[in-house]
Amino acid sequence: MRRVDEVKTMNKPRTAVSVAFASNGIAAGSFMVRIPDFKEKLEITNGQFGLALFILMIGVLISIKNAGSLSAKFGSRTIAIPATIAMALVMLIVSVTSTYLQFTLALFLFGFALATQDISMNAHAIAVEHKYSARYMSTFHAIFSIGGLIGALIAGIFSQFSVTLTTHALVVGIPVALAAIVLRNWWLPASVDIHPVEKGVKKSRRPRIFWVLGILGFCGQIGEGAAGDWGGILARDTFHASPFLSAMPYILFSLTMVIGRLFGDRITSRYSAATVLSTGGMISGFGLISGLLIGGIEGQIFGWLALGAGVSILIPILFSESGRIAREEFPGKIAPSEGVAMVSGIAYFGFMAGPPIIGFLSGVIDLRWAMLFPGILALVLGFSAKRVIKS
């Protein structure tokens, strides 16, 4: 009986964090697949949309700067729960915008809420791993990818049948907010990951390893962000796919992300972080470039499948490692949540910078060839991982 109670106690925080990851994925997947509809509704060019995504990125970066330290100061659950509710609310705000200015301002708020929820839930995931001495991070990120897949499928169907963006936001946002409220007491107490950090520790003195992990994340994430935001536009505008078929590259990309992450905890237990990161960079880089060279919706689908497989466990590895390194090697100097925030800040810069960079490049060259850029960076990740990570 006591063992059953212990399992139930363990499952509650895992379930709460899993739902948070799924919610983040649903929100991101829903937005990404309906990007062509936002672009069509507002009648804006690729360059204008790229600028709007740059504003979203600014919201993300401002959030990341503060989310880690706030999670360390007050406990990650204190930040994650209201951030999830805010994320659902801002989805609705984005959907009702009718001018380009309103849209860009709403995207700033969306990026801020999305990243705040992301950093705090990842910090709590590390706390759950530490408390129960087990690896869950890749599984949590698999659930994020499942959420992204669900959001993409819903968005693809809604787009095909011309369901309004506002109705879509309500259908997705209300369950996300309700789940956060209902499960609010299932999280670990805030006290489990409140970390007092020594005053006067300057950012310049923070260990080099966090910068290295962040840069590797940047190289991988720039492709994930660009593939999601521009995949539908590439399929619809360049390869003339139908609304639903234009969602398929991202849907299949999400599927390979799910599969890779479901096996990720076992893979990372068997092989070194450097080996996994190097192999993943090669798969995503060569696969994406090959798919773009092949062309057509079939080639795009191949490229997105390879990209998803290659980067699937990149972020789980980096986040888990950054939390472990902060806790074990630099106690009192940098909290695990701040280590995650530092690495994710650099990595997310790639995730969020990718779409506007591709937007600007597509104004100079064709969108199809602009997408070669993230493929090249993925190869940089593949060739450099073993040189900079000695584990």
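The values are calculated or read from the model by the stated rules, or taken from the named source; none is laboratory data. All of these numbers come straight from a predicted model, not from anything done at the bench. Note that we place each Cβ from the backbone using ideal geometry, even for glycine, and neighbour counts take in every protein chain shown. Just so you know, the surface numbers come from the protein's heavy atoms only, side chains and all, with ligands and any DNA or RNA stripped out. Shrake-Rupley method; radii C 1.70, N 1.55, O 1.52, S 1.80 Å.
A cut-off under 13 angstrom between Cβ atoms defines the neighbours of D193, and their net charge, with Lys, Arg +1 and Asp, Glu -1, is +2. Computed with every protein chain present, the accessible area of T167 is close to 60 Å² [probe 1.4 Å]. With the simple spin-label model, which puts each label point 7 Å out from Cα in the Cβ direction, the I376 to K12 separation comes to 5.3 nm. Taken over region 292-391, the convex hull of the Cα atoms encloses 112 Å³ per residue. Of the cross-linked pairs K65/K386; K39/K65; K73/K131, those separated by over 23 Å at the C-alpha level are K65/K386; K39/K65. Here is the P(r) of the chain: all C-alpha pair distances, binned every 20 Å from 0, give 31, 60, 10, 0 in whole percents.
Dividing the alpha-carbon radius of gyration of region 223-262 by the rule-of-thumb value 2.2 N^0.38 Å gives 1.19.
Helix 248-262 and the longest principal axis of the Cα set of the chain meet at an angle near 20°.
Expressed as a whole percent, how much of the Cα-Cα distance distribution for region 116-188 exceeds 19 Å?
On the way: 1304 of 2628 pairs.
Summing the P(r) tail past 19 Å for region 116-188 gives 50 percent.
Excluding ligands, DNA and RNA, the accessible surface per residue across the chain is 41 Å² with a 1.4 Å probe.
At most 12 other Cβ atoms within 10 Å plus a DSSP loop assignment makes a site exposed; report the longest stretch of the chain without any exposed GluC sites (Glu not before Pro). Each step should come with its number before you reach the end.
Numbers: sites that count: E43, E198.
Excluding the exposed sites themselves, the longest stretch runs over 199-391.
What's the longest uninterrupted piece of the chain once you rule out the trypsin sites (Lys or Arg not before Pro) that are loop residues per DSSP with at most 12 other Cβ within 10 Å? Segment 1-198 is the longest.
Projecting the Cα atoms of V171, I317, L372 onto the charge dipole of the chain (Cβ charges, centred on the Cα centre) puts I317 farthest toward the positive pole. Please identify which residues in region 347-380 have an amide N closer than 18 Å to a label point set 7 Å out from the Cα of H240, following the Cα→Cβ vector. Those under the cut-off are 367-368.
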